[in-house]
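Here the structure is laid out as structure tokens; the discussion comes afterwards.
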Amino acid sequence: MKVFNRGAEAHKLSHKGEEYLLAPGNHVELELTHAEAKAMPSPFEATGTPIKAPKAEQEKKA
């Protein structure tokens, strides 16, 4: 997904230990799930197709 800075100033975005400094109108491409895209803080906006969230592993009962 593309994550755009829709603000009027440069802002820092952190994702999975990486930090990105985005100027107004610029974007970075990240692999985001639907939930991560919806939780994107202002002034960032995520567009595009999200990746599928990894399924939680269920414990096997003996």
- [ ] For every helix of n ≥ 4 consecutive DSSP H residues, a contribution of -39,500 (n - 2.57) applies; sum these over the chain, divide by its total residues, and give [θ] at 222 nm rounded to the nearest 500 deg cm²/dmol.
- [x] -1500 deg cm²/dmol
TODO: Give me the distance in nm between label points sitting 7 Å out from Cα along the Cα-to-Cβ direction at Glu18 and Arg6, one decimal.
DONE: 2.3 nm
- [ ] Find how much the distance from Lys38 to Lys55 grows on full extension, using 0.36 nm per residue of separation minus their present alpha carbon separation; answer in nm with one decimal.
- [x] 4.3 nm
Task: Environment charge at Lys12 (Cβ cut-off 12 Å; Lys +1, Arg +1, Asp -1, Glu -1) - done: -3
Task: Surface share of carbon and sulfur [accessible, 1.4 angstrom probe, percent] for the chain - done: 50 percent
TODO: Among the aspartates and glutamates, select those whose C-alpha is under 17 Å from the C-alpha of Lys52, and discard any that sit fewer than 8 residues away in the same chain.
DONE: Glu29, Glu31, Glu36
TODO: Treating cross-link reach as a plain straight distance, find the lysines whose alpha-carbon is under 27 Å from the alpha-carbon of Lys55, omitting any fewer than eight places away in the same chain.
DONE: Lys2, Lys16, Lys38
TODO: Add +1 for every Lys or Arg and -1 for every Asp or Glu among the other residues with Cβ under 12 Å from the Cβ of Phe44, and state the total.
DONE: +2
TODO: Considering the convex hull of the alpha carbon atoms of segment 1-53, report its projected area averaged over all viewing directions, in nm², one decimal.
DONE: 3.2 nm²
Task: Percentage relative contact order, the chain, counting C-alpha pairs under 8 Å, at least six apart - done: 38 percent
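The values are calculated or read from the model by the stated rules, or taken from the named source; none is laboratory data. Quick caveat: nothing in here was measured; it's all calculated off a predicted structure. Quick reminder, even Gly has a Cβ in these numbers, built from the backbone with ideal geometry, and neighbours come from all protein chains shown. Accessible surface is based on the protein model in full, side chains and every heavy atom, while ligands, DNA and RNA are left aside. Shrake-Rupley method; radii C 1.70, N 1.55, O 1.52, S 1.80 Å.
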